[in-house]
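Have a look at the structure below, then the notes.
The values are calculated or read from the model by the stated rules, or taken from the named source; none is laboratory data. All values derive from a computational prediction rather than experimental measurement. Here the Cβ positions follow ideal geometry from the backbone for every residue, glycine too, while neighbour counts run over all protein chains shown. With ligands, DNA and RNA removed, areas are computed over all heavy atoms of the protein, side chains included. Shrake-Rupley method; radii C 1.70, N 1.55, O 1.52, S 1.80 Å.
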Amino acid sequence: MAPSTSGSLSINNHDDAITRIKNIEMIEMGRHRIKPWYFSPYPSELVDEPCIFLCEFCLKYCKSRTCLKSHNRKCLFKYPPGNEVYRKKYSSQTLSFFEIDGRKNKSYSQNLCLLAKCFLDHKTLYYDTDPFLFYVLTENDDHGFHIVGYFSKEKESSEDYNVACILTLPPYQRKGYGKLLIEFSYELSKAELKAGSPEKPLSDLGLLSYRSYWSETILELLINLKPGENHEKPQITISEVAESTSIKRDDVVSTLQSLNLINYYKGQYIINLTEETLNNFEKMNEKRKIRIDPKELKWTPKDWSKRGKW
C-alpha cells in the first residue's frame, strides 16, 4: 500500500524536473539573508528578482526592501497569528509555540508552506491548508516573536500521524530546535492520550533526527526504571514503553533494534543495556540544553470529528 500523500507539504511522487531546479537566489527575512536550497512556487514576478523580502511576522512576500518597509509600517503582527500554547524562559532565550489553524489563517499558512518548500526537497506544495494545524516555534525579544521553525499536523489523521511536515529554518539549525519541535509534537500526543508518529516516508535527515529523539527518550525511560521487589531486574513491555512515551510501538521496536538492545532469551525478548549504550546516552543527554517543560503547555485537544467541516 502506498504511503499517504496528504500533508501541508505532500510527498513528491513524480519526477518533475522543473520543480527540482532551485529558482530563488536569496530570501531576506528580519535580520537574516538565506539562500534557498530548492524550488518553491513563489509568483514568477518575484522569482526574477535577486532577492525576495519577507515580513518575518506575517510572512508576506515583497519584491523590494522599499515595498517591505511600506508593508512593515502597516503590519499589525509581531507574532504568528493564532494561540500561544507554550512559553518558557530558558537560560539565554525565551521560546514560544503558537498554534495556527490552516483554515482560519489561510494566508499565513500558505506563506509558511512557500517558505518551507525552499528548504525541503522531498515535498511538493499543498495549497489546501484547511485540514491542518501549524505549530510555530519562536524566539522572543523586545522586537517581537521571531520564527525559528514549525511542524504541521492533520486535524484528523487515520494513521495517528502527529507531524505532517517539520522544518527548522537554516539560521537556527544545529541549536537543538529540531529535537525540541519533535519533543513538542509528542507532548501534544501525550495530551491526546495517543501514540503518534511522523508522516512517512521520512527524508534521510528526518529519519536521523527522529531516530536520535526516539533513542534518547526510550533510553531515558529504561535507565530510570525502578527495580522490582527483592531487587529484581526492572521489567517493562514494548507496549508500556509506547504508552509512557507516546512513541508508536513500531517506532519503539525499530529504535531498540537499531541500538542492538533486544535479545531473544528463553521465549521472550530481553532489553539489555550495555555500558557503551549508557555512555552514549550520557553524551547525547549532555548536548540537549533545551527541553519541553510539560507544565508550561497550555493546550487542550479538540475533537475535530465533531466539528463538521472546520
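General observations
- Members of the range 114-158 that are more than 15 Å from the chain's Cα centre (by Cα), part of a strand (DSSP E or B) and at pLDDT below 90: Thr124, Leu125
- Counting the residues of the range 273-309 that are free of Cβ contacts under 8 Å to residues at least 24 places away in the same chain, open to solvent by 70 Å² or more (accessible area, probe 1.4 Å), assigned to a loop (DSSP other than H, G, I, E, B) and not basic (Lys, Arg) gives 1.
- The condition of being surrounded by fewer than 15 Cβ atoms within 10 Å (Cβ to Cβ) and under 25 Å from Pro43 (Cα atoms) holds for only one of Asp141, Asp128, that being Asp128.
- Within the range 164-178, residues that are at pLDDT below 95 sit with their Cβ atoms under 6 Å from residues that are surrounded by fewer than 16 Cβ atoms within 10 Å (Cβ to Cβ) and assigned to a loop (DSSP other than H, G, I, E, B), at 6+ positions apart or across chains, in these pairs: Gly176/Lys289.
- Restricting the search to strands (runs of 3 or more DSSP E) fully inside the range 12-113 and requiring at least 3 residues that are under 30 Å from Trp299 (Cβ atoms) and out of contact with any helix residue (DSSP H, G or I) (no Cβ under 9 Å at 6 or more places or on another chain) gives 83-89, 94-101.
- Yes/no for Ile247 being touching a Leu at 6+ places or on another chain (Cβ under 8 Å), modelled with pLDDT of 90 or more and closer than 22 Å to Leu181 by Cα: no
- Enumeration of residues in the range 73-97 that are closer than 18 Å to Leu112 by Cα, open to solvent by 30 Å² or more (accessible area, probe 1.4 Å) and out of contact with any strand residue (DSSP E or B) (no Cβ under 6 Å at 6 or more places or on another chain): Leu76, Phe77
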